[in-house]
Amino acid sequence: MSVFMSKPTPPRKSILGRVPRWLNQLSQLVSPNASRQAAAQELHLFFAPNATCGAQTFWRGAPWQPTHPLLSHIQPQPDDKLELASFQFALDQVPEVQTMTFSGWGEPINNPVLPEMIQAAAEYNNPVTRVYSHGQCEFSDVLRLLESSLDHLTFQLVAPTPSAFSAAFNGQCNLHQYLQRRKLILDVLRYRQQAKLGGNTFVEVAMVVDTLSVFHMPELIQKAAEWGADGIAFETRLMLPDPNDTRRQADTLDVADGLGATVPDEWLSTLFDDDMITLYGHHQEVATFIKACQQQPWPIAVQWPVVYHAQPRQGCPAVNETLSVRADLRASNCPRQLAIPVPQNNVWEHHAWQHPECQTLRHRHSAQATQPLPVACHWCPRHP
């Protein structure tokens, strides 16, 4: 994983200002459901794709496909819809928060109060703060972030060249958008070096790799180092299941129940075998190459791609740690929003973290669970 630089020491709230947080911590301790496993340690602010971004957006290795059954429930929204008061209330729902993440298929940096949110988090409990950007923002807004107490900033470039970027979207991409994104990232990194700005912020570039591009990782690491990045994150490109696959039942990808339908293990194995893009364990040459790369010294920090395995994963710790909040204030404990938040589970509820739907998803991912996992979880970009 990437190495974080030392955190700044932010100003603390007054004793009176910290009373609400102490009350929340006390309520969790005396709650019959309270335990470290059941306490949210990460607050994730999910930014839906903006209508102007089109389809040229990857997030954690998954492309934005608005018509895909697993993603069709995520509707484009303005990047600035989440406001400071709602964020601060959401923060009070997770008194043990250790990590604050602003990400999604949308662009968090376009939210004008994002620096204020980061400052509010620092004053609240000083968690590690992370922003995941698609580079679809203004240069001045990025500099505002670097002047804040932000710990970790990721720029998703997808690919290092226009041709590779186009190939990632099957040749259907906006070249101008790619060039604009790349220019912004390079300008920010260059300015940061010259002005010695953002010394407390770890800045990395993210690239999406598959069974072909994974062999170019060494040159991509060197390129990111030349640009001035502190690190590079390689994300495994995921191929979501084909909803038109005739081998599945008609309702396999029906996610209307909020948690998603399930699929038999033997079907999953067949679908995994058909996927020639994702980095799976049975791609022995890929696994051997990645292992060899990991044993070499590199000039910057490297987050290596995940090599998935054909066997279905038995759970996900994220559902026991994360409160994920949308701009429309619906809440879920699925940080990738593949488990659909139910309409009544709103962050303004007093016990959003304890909502029955969140408890249901936790149970589906527990060690004692006997039910199959939702099909969405098998293709989730988050490695358990």
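Select from region 183-199 the residues that are more than 15 Å from THR154 (Cβ to Cβ) and either part of a helix (DSSP H, G or I) or open to solvent by less than 70 Å² (accessible area, probe 1.4 Å) (or both) and list them in ascending order. Scanning region 183-199 gives LYS183, LEU186, ASP187, ARG190, TYR191, GLN193, GLN194, ALA195, LEU197, GLY199. Taken as a whole, the structure leaves VAL158 outside the set of residues that are among the β-branched types (Val, Ile, Thr) and modelled with pLDDT of 95 or more.
For region 117-128, which positions are under 21 Å from the mean Cα position of the chain (by Cα), open to solvent by 10 Å² or more (accessible area, probe 1.4 Å) and of a type outside the set (A, V, I, L, M)? Within region 117-128, GLN119, ASN126 qualify.
For region 47-69, the set of residues classified as at pLDDT below 80 and of a type in the set (A, V, I, L, M, F, W, C) consists of ALA51, CYS53, ALA55, listed by residue number.
Every condition in (1) open to solvent by 20 Å² or more (accessible area, probe 1.4 Å); (2) of a type in the set (Val, Ile, Thr); (3) in contact with a Ser or Thr (Cβ under 7 Å, 6 or more places away or on another chain) is met by ILE300 except one, and the failing one is (3). Scanning region 129-155 for residues that are open to solvent by 30 Å² or more (accessible area, probe 1.4 Å), modelled with pLDDT of 95 or more and under 18 Å from the mean Cα position of the chain (by Cα) yields a single hit, ARG130. Considering only region 307-319, I want to know if a residue exists there that is of a type in the set (Ser, Thr, Tyr), without any contact (Cβ under 8 Å) to a residue 60 or more places away in the chain and either closer than 21 Å to LEU71 by Cβ or in a loop (DSSP other than H, G, I, E, B) (or both). No, the conditions are met nowhere in region 307-319.
Please work out which residue is modelled with the lowest pLDDT, limiting yourself to region 350-366 and to residues that are open to solvent by less than 60 Å² (accessible area, probe 1.4 Å) and in a loop (DSSP other than H, G, I, E, B). For region 350-366, the residue satisfying everything is SER366.
Pairs meeting the criteria (first residue in region 264-277 and under 14 Å from LEU373 (Cβ atoms), second residue in a helix (DSSP H, G or I) and not charged (D, E, K, R), beta carbons under 8 Å, at least 6 apart or on different chains) are LEU268/HIS378.
Applying the criterion of at least 3 residues that are free of Cβ contacts under 8 Å to residues at least 24 places away in the same chain and touching a Phe, Trp or Tyr at 6+ places or on another chain (Cβ under 6 Å) to the helices (runs of 4 or more DSSP H) found wholly in region 60-149 leaves an empty list. Of all the numbered requirements in (1) out of contact with any strand residue (DSSP E or B) (no Cβ under 8 Å at 6 or more places or on another chain); (2) at pLDDT below 95; (3) not hydroxyl-bearing (Ser, Thr, Tyr), PRO115 misses one, and that requirement is (2).
Summed over region 162-182, residues that are assigned to a loop (DSSP other than H, G, I, E, B) and surrounded by 12 or more Cβ atoms within 10 Å (Cβ to Cβ) total 3.
The values are calculated or read from the model by the stated rules, or taken from the named source; none is laboratory data. A quick note: this is a predicted structure, and the numbers were derived from the prediction, not measured. Note that we place each Cβ from the backbone using ideal geometry, even for glycine, and neighbour counts take in every protein chain shown. Accessible surface is based on the protein model in full, side chains and every heavy atom, while ligands, DNA and RNA are left aside. Shrake-Rupley method; radii C 1.70, N 1.55, O 1.52, S 1.80 Å.
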